[in-house]
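To start, the structure itself, in structure tokens.
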Amino acid sequence: MSLAELIRLDGKRALVTGGTNGIGKGCVLELAGAGADIILNDRPGSILLDEVADEIRALGRQCWTVEEDAFTREGCESLVEKAIEAAGRIDILVSNPAYGKRCEFVEFPADEFDKVIDATFKAGFHLSRAVARHMIESKIEGSILFISSVQAEMPIARCAPYGAAKAALNHLTQSIAVEMFSHRINVNAIEPGWIDTPNERREFTEETIQSEGRKLPWGRLGLPSDIGRAAAFLASEAADYITGTILPVDGGFRFKSMQADSVKDIRDQE
């Protein structure tokens, strides 16, 4: 079978949380483009849910929408239950819930810390457990994907709880992968770098995004579609032999200070 055939997801049904914007939407569109039908999740009252569902159907794919809050255990369990009821099965999970707040460590509010951990780490546990149970019971050799972050490896100022939560998510990914060996369920995580999303544009101006992007090794911020393509690959038969892997998709962001010019500037200061 050719690589083009192996990477197709025809007949697969993928649950993507937070799939109406940013990285979630990038994953949704790339999975649908590769042939998967989509169970699209967003929080209750989302004004984007129907709009993105129409985009998916325009690609010739089926789409079921599920409004549920994936930041809580009850919401995660209800979401998976509704997804199975609507679509009949889940072959692929893209676990994408996250919440971040930029704040000095010594000033970080306790309630915000709890929210970051609940939404960014605990939600991944509750979602993946519910989906794994379904896959095992239904004998589905599926794929579970977590959206992590390069911040799991990089200590970035004013982001301590978020980075810690993503590091925990990476460990969870590999621990689950080990337990899923006998069920032939692939479990992997993607580490996006600095991605051009609506959330980033609320934090930074267009001028900052363009100027800072030019400083990165690839000369630009990443796009949601960059993450989506990685997700489509990891969910496909082409990645059958890949499990327990943490895949950075960051255009070299982790190594930006190692560029020749940067190293030269450091040496010139010595």
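The values are calculated or read from the model by the stated rules, or taken from the named source; none is laboratory data. Note that the coordinates shown come from a computational prediction; the quantities given were computed from them, not determined experimentally. Neighbour counts run over all protein chains shown; Cβ positions are idealised from the backbone, glycine included.
If a residue has to be farther than 24 Å from Glu191 by Cβ and among the β-branched types (Val, Ile, Thr) to count, how many in the range 127-150 make the cut? Lay out the reasoning, then the answer.
Just the residues of the range 127-150 that are farther than 24 Å from Glu191 by Cβ, to begin with: 133-134, 136-141.
Narrowing further to those that are among the β-branched types (Val, Ile, Thr): 136, 140.
The number of residues fulfilling the criteria is 2.
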Report task. Quick one: Ala167 ticks every box in (1) crowded, with 22+ Cβ neighbours inside 10 Å; (2) without any contact (Cβ under 8 Å) to a residue 24 or more places away in the chain; (3) among the hydrophobic types (A, V, I, L, M, F, W, C) except a single one, so which number is it? Result -> (1)
Report task. Working only within the range 1-49, note down all residues that are free of Cβ contacts under 8 Å to residues at least 40 places away in the same chain, under 18 Å from Arg89 (Cβ atoms) and outside any loop (DSSP other than H, G, I, E, B). Result -> Ala32, Ile38, Leu40
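With Gly26, Gly18, Gly22, Gly35 as the choices, which residue is touching a Lys or Arg at 6+ places or on another chain (Cβ under 7 Å) and within 15 Å of Gly228 (Cβ to Cβ)? Steps first, please.
Details: Gly26 fails: touching a Lys or Arg at 6+ places or on another chain (Cβ under 7 Å); Gly18 fails: touching a Lys or Arg at 6+ places or on another chain (Cβ under 7 Å); Gly22 fails: touching a Lys or Arg at 6+ places or on another chain (Cβ under 7 Å).
Sole residue among the options that is touching a Lys or Arg at 6+ places or on another chain (Cβ under 7 Å) and within 15 Å of Gly228 (Cβ to Cβ): Gly35.
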Requested in this report: Quick one: Lys139 ticks every box in (1) loosely packed, with under 14 Cβ neighbours inside 10 Å; (2) modelled with pLDDT under 95 except a single one, so which number is it?
Outcome: (2)
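Could you list, in sequence order, the residues of the range 77-98 that are touching an Asp or Glu at 6+ places or on another chain (Cβ under 8 Å) and either closer than 22 Å to Ala230 by Cβ or of a type in the set (A, V, I, L, M, F, W, C) (or both)?
Initial filter on the range 77-98 (touching an Asp or Glu at 6+ places or on another chain (Cβ under 8 Å)): 78-79, 82, 87.
Listed by number, the residues that qualify are Leu79, Ala87.
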Query raised in the report: Got at least one residue in the range 189-199 being assigned to a helix (DSSP H, G or I) and either charged (D, E, K, R) or modelled with pLDDT of 95 or more (or both)?
Result: no
Report summary line: Restricting the range 50-90 to residues that are farther than 21 Å from Met135 by Cβ and in contact (Cβ under 8 Å) with a residue 40 or more places away in the chain, the one nearest to the chain's Cα centre (by Cα) turns out to be Phe71
Requested in this report: Considering only residues that are crowded, with 19+ Cβ neighbours inside 10 Å and hydrophobic (A, V, I, L, M, F, W, C), look in the range 217-232 and name the one that is farthest from Ala14 (Cα to Cα).
Outcome: Leu221
Query raised in the report: Which one of Phe121, Phe113 is in a helix (DSSP H, G or I), surrounded by fewer than 20 Cβ atoms within 10 Å (Cβ to Cβ) and in contact with a helix residue (DSSP H, G or I) (Cβ under 6 Å, 6 or more places away or on another chain)?
Result: Phe113
Query raised in the report: Within the bounds of the range 90-110, is there any residue that is buried (at least 17 other Cβ atoms within 10 Å of the Cβ) and among the basic types (Lys, Arg)?
Result: no
